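The values are calculated or read from the model by the stated rules, or taken from the named source; none is laboratory data. This is a predicted model, so every value here is computed, not measured. For neighbour counting, all protein chains shown are included, and Cβ atoms are generated from backbone atoms with ideal geometry for every residue, glycine included.
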C-alpha cells in the first residue's frame with residue numbers, strides 16, 4: 001500500500017487553478033457562462049453522487065449495467081496494464097473494472113484523477129483497503145495536468161478510461177483537443193475506454209437533468225456558493241433558479257442558472273464586478289449526446305482505433321474500447 005495517497009500535480013494548485021481567469025472570461029461574454037469544473041468542490045461532488053442515484057438519472061446505472069456485463073471482456077482484451085481514470089469521483093462504477101482486472105491479471109495499478117481533493121482522498125483510502133493487492137495513488141489536478149504528467153511516465157501498457165459521458169461537457173472543438181491529448185498520453189498499443197451517452201428523445205433526457213427532488217438544482221446552484229468561497233464573492237443563490245433544456249439541433253442538454261432579480265456581484269479576490277439583470281442567464285454546462293458510429297470516426301481521426309463497442313439493450317449508452325496506433 002502506498003503511504004502517500006495523493007500526488008498534487010502542481011504545487012500552486014489547490015483543487016482548482018485559482019487564477020479565476022476563466023470565470024472572468026465567462027461572465028463577460030454574452031450570453032454569460034461558467035466552466036463546469038466549478039461544480040466540483042467537495043459539496044458539489046457529494047451532490048453529484050446523489051444525482052447518480054436518482055430514478056430519473058439513467059446514465060450511471062445504464063453504464064454500470066454495461067460494465068457489469070462486459071468488464072471481464074475488457075480486461076481480457078487489454079491484458080495487464082496500468083489503469084488511469086479521468087474524473088474518478090467516488091470510483092463506484094470503477095470497482096466493476098477493478099474486480100475484473102483483479103481476476104484476470106497479477107500486476108494491478110490504478111491511478112484515479114480528480115479535481116476534488118476531498119472525495120479523491122477518501123475514495124483512494126477506501127480502495128486501498130478493498131484492493132490491498134493493487135497499487136493505488138490519486139492524482140489531484142485537471143485533465144490537462146494529468147495527461148501531461150502521464151506523458152512522462154509511460155513505461156508499461158496503459159488503459160486510460162473516461163466514464164459517465166463526461167466528454168459530453170466539451171464543445172466539438174474542445175472534444176477534438178481532448179482526444180488529441182489522450183492520444184499523446186498513450187503509446188502505440190495502449191488503450192482508451194470511453195463512455196458516451198447516446199441520442200434519445202427529449203422526454204427521457206430533460207427529466208434526467210430536472211429531477212423531481214431538486215438535487216440537480218442544488219448541484220447547479222452550489223456552483224455559486226463555491227465561487228463565493230473560492231473568490232470571496234457575494235452571489236446570492238436565492239436570486240437564481242435552475243433549468244435544463246434539450247437543444248435538439250445541437251443534440252445537447254444545456255443547463256442554466258436564471259437570474260430572477262437585478263444583482264451586482266463582486267468577486268473580491270479577482271478584483272471583478274459583474275451585474276446581472278432580472279431574466280438574464282448563465283450557461284453552466286452542456287451535455288452532448290452522441291452517435292456511436294460518428295464518435296468512432298472522431299476517435300480514428302486521432303489515431304485511436306475502435307476494438308469493440310458495447311451498449312445496453314435500449315441503446316441509451318455506449319462504451320468504446322480503442323487502441324492507440
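The table for this structure:
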read-out	value
Flag if residue 240 is under 16 Å from residue 281 (Cβ atoms) and buried (at least 18 other Cβ atoms within 10 Å of the Cβ)	yes
Single residue of 195, 168 found to be within 22 Å of residue 94 (Cα to Cα), assigned to a strand (DSSP E or B) and at pLDDT 95 or above	195
Residue in region 280-303 that is more than 22 Å from residue 170 (Cα to Cα) and in contact (Cβ under 8 Å) with a residue 60 or more places away in the chain present	yes
Test set (1) touching a helix residue (DSSP H, G or I) at 6+ places or on another chain (Cβ under 6 Å); (2) part of a strand (DSSP E or B); (3) crowded, with 20+ Cβ neighbours inside 10 Å - residue 282 fails condition number	(1)
Any hit, region 40-60, residues being surrounded by 19 or more Cβ atoms within 10 Å (Cβ to Cβ) and touching a strand residue (DSSP E or B) at 6+ places or on another chain (Cβ under 6 Å)	yes
Leading residue by the ranking (modelled with the lowest pLDDT) among those in region 144-160 that are crowded, with 20+ Cβ neighbours inside 10 Å and touching a helix residue (DSSP H, G or I) at 6+ places or on another chain (Cβ under 7 Å)	147
When residues of region 127-143 are limited to those that are touching a residue at least 12 places away in the same chain (Cβ under 8 Å), over 17 Å from residue 159 (Cα atoms) and out of contact with any helix residue (DSSP H, G or I) (no Cβ under 9 Å at 6 or more places or on another chain), the one surrounded by the most Cβ atoms within 10 Å (Cβ to Cβ)	128
Options 271, 247: the member that is in contact with a strand residue (DSSP E or B) (Cβ under 8 Å, 6 or more places away or on another chain) and free of Cβ contacts under 8 Å to residues at least 40 places away in the same chain	247
So residue 19, is it more than 17 Å from residue 317 (Cβ to Cβ), modelled with pLDDT under 90 and touching a helix residue (DSSP H, G or I) at 6+ places or on another chain (Cβ under 6 Å)	no
So residue 320, is it within 24 Å of residue 174 (Cα to Cα), in contact (Cβ under 8 Å) with a residue 24 or more places away in the chain and not assigned by TED's automatic domain parsing to the domain that holds residue 162	no
Every pair of residues 6+ apart whose Cβ atoms lie under 6 Å, when the first sits in region 173-202 and is surrounded by fewer than 17 Cβ atoms within 10 Å (Cβ to Cβ) while the second is modelled with pLDDT of 95 or more and assigned to a strand (DSSP E or B)	188/324; 202/246
Index of the failed condition, residue 103 passing every other in (1) exposed (fewer than 15 other Cβ atoms within 10 Å of the Cβ); (2) at pLDDT below 90; (3) in the same structural domain as residue 190 (by TED's automatic domain parsing)	(2)
Among (1) within 19 Å of residue 189 (Cβ to Cβ); (2) within 14 Å of the chain's Cα centre (by Cα), the one test that residue 91 misses	(1)
